[in-house]
Amino acid sequence: MDLIQVENLSVSGRLQPISFTLKRGEMLGVIGPNGAGKSTLLQCLAGIQPYSGRIEFEGRNLAELKQRQRARLFGYLPQAQQSAWALRVEDVVALGRLPWGDEDTQKIEAAMRLADVTQWRKRPVAQLSGGEQARVWLARVLAGEPNVLLADEPIASLDLKHQRTIMELLRSHSHWQQATILSLHDLSLAARYCDKLCLMAEGRLLAFGSAAEVLTPEHLSLAFGVDVHVDLDSQPPIILPR
Ligand SMILES: Nc1ncnc2c1ncn2[C@@H]1O[C@H](COP(=O)(O)OP(=O)(O)OP(=O)(O)O)[C@@H](O)[C@H]1O
Ligand SMILES: [Mg+2]
């Protein structure tokens, strides 16, 4: 059975009906230009954006679940957060346990280690750089051990090393838990790490499938309005505007 089934999901004026399925263990990359509807799609999956259509997890309609049950299944990392909170890093990560109503210290410690933020645990999150904070937000979501991790541009502000470690971490998450769905603008990293890609433009699904199926020069020039050079055989794959 498919793990996630999305059927005619739409949001008035922002998302035209889209349908796709995802299998257990898969990592889905949502790509497309600014304003394409990537965040809107993730917000629907996270249950924070009203939608028409149906989203099923293992055959269960998500709309019928209580908010807390849904938050245990789907962990959501919003796009580009910056915080002026005086909270310490370890307290922010502990907030990831809210859907469970506990403060499981082992899970909080494990999440901090995975996102490589343990060294800042006592520092107020507001005093960290943008990229450092991004890893703290990710740790918070990991602490909830969601079955499906929804991450909206989790690597946008990260340095080269952490782009790679976080992509590897997200991919491992899809293996130990059940799936990862992330949006990103780096198409080379998307090709290298994602099992499936969902290319969107102007609120529509343009292509869905493997990197080879989705990342064609034709699809990319249609989506982005520029000529794109694609070499998926190179290690790592190269996808650049001409
Ligand atoms: N809360 C909102 N109410 C109404 N329209 C919105 C809202 N949020 C976003 N939009 C519009 O919906 C469209 C899709 O936005 P969305 O944030 O999903 O794009 P995106 O693909 O995530 O873009 P980006 O790459 O810039 O993050 C845009 O035209 C945007 O202006
Ligand atoms: Mg977005």
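Brief remarks on what is shown
- For the stretch 211-242, the tally of residues that are farther than 27 Å from Glu168 by Cβ, of a type in the set (Val, Ile, Thr) and not in a loop (DSSP other than H, G, I, E, B) stands at 0.
- Test: Leu220 is crowded, with 24+ Cβ neighbours inside 10 Å, away from ligand 2 (no atom under 16 Å from the Cβ) and at pLDDT 95 or above: yes
- All positions within the stretch 147-175 that are out of contact with any strand residue (DSSP E or B) (no Cβ under 8 Å at 6 or more places or on another chain) and acidic (Asp, Glu): Asp159, Glu168
- Among the residues of the stretch 221-237, the ones that are within 16 Å of ligand 1 (Cβ to nearest atom) and out of contact with any Pro (no Cβ under 9 Å at 6 or more places or on another chain) come to 1 in all.
- Residue list for the stretch 45-79, restricted to those being under 18 Å from Glu145 (Cα atoms), surrounded by fewer than 18 Cβ atoms within 10 Å (Cβ to Cβ) and among the basic types (Lys, Arg): Lys66, Arg68, Arg72
- Taking (1) more than 16 Å from ligand 2 (Cβ to nearest atom); (2) modelled with pLDDT under 95; (3) exposed (fewer than 14 other Cβ atoms within 10 Å of the Cβ); (4) not small (Gly, Ala, Ser) in turn, Gln82 satisfies each apart from (1).
- Members of the stretch 85-105 found to be surrounded by fewer than 19 Cβ atoms within 10 Å (Cβ to Cβ) and over 13 Å from Pro146 (Cα atoms), listed by number: Trp85, Ala86, Leu87, Arg88, Asp91, Leu95, Gly101, Asp102, Glu103, Asp104, Thr105
- Close pairs from the stretch 171-182: first more than 16 Å from Ala143 (Cα to Cα), partner in a loop (DSSP other than H, G, I, E, B) and acidic (Asp, Glu), Cβ under 8 Å, at least 6 apart: Leu182/Glu153
- Filtered by the rule that a residue be more than 15 Å from Phe208 (Cβ to Cβ), touching a Ser or Thr at 6+ places or on another chain (Cβ under 9 Å) and within 10 Å of ligand 2 (Cβ to nearest atom), the stretch 25-68 gives Ser39, Leu42.
- Options Ile108, Ile18; residue that is surrounded by 15 or more Cβ atoms within 10 Å (Cβ to Cβ), closer than 21 Å to Lys196 by Cα and β-branched (Val, Ile, Thr): Ile18
The values are calculated or read from the model by the stated rules, or taken from the named source; none is laboratory data. The model shown is predicted, which means the values in this text are computed figures rather than measured ones. Don't worry about glycine lacking a Cβ; one is built from the backbone with ideal geometry, like all the others, and counts go over all protein chains shown.
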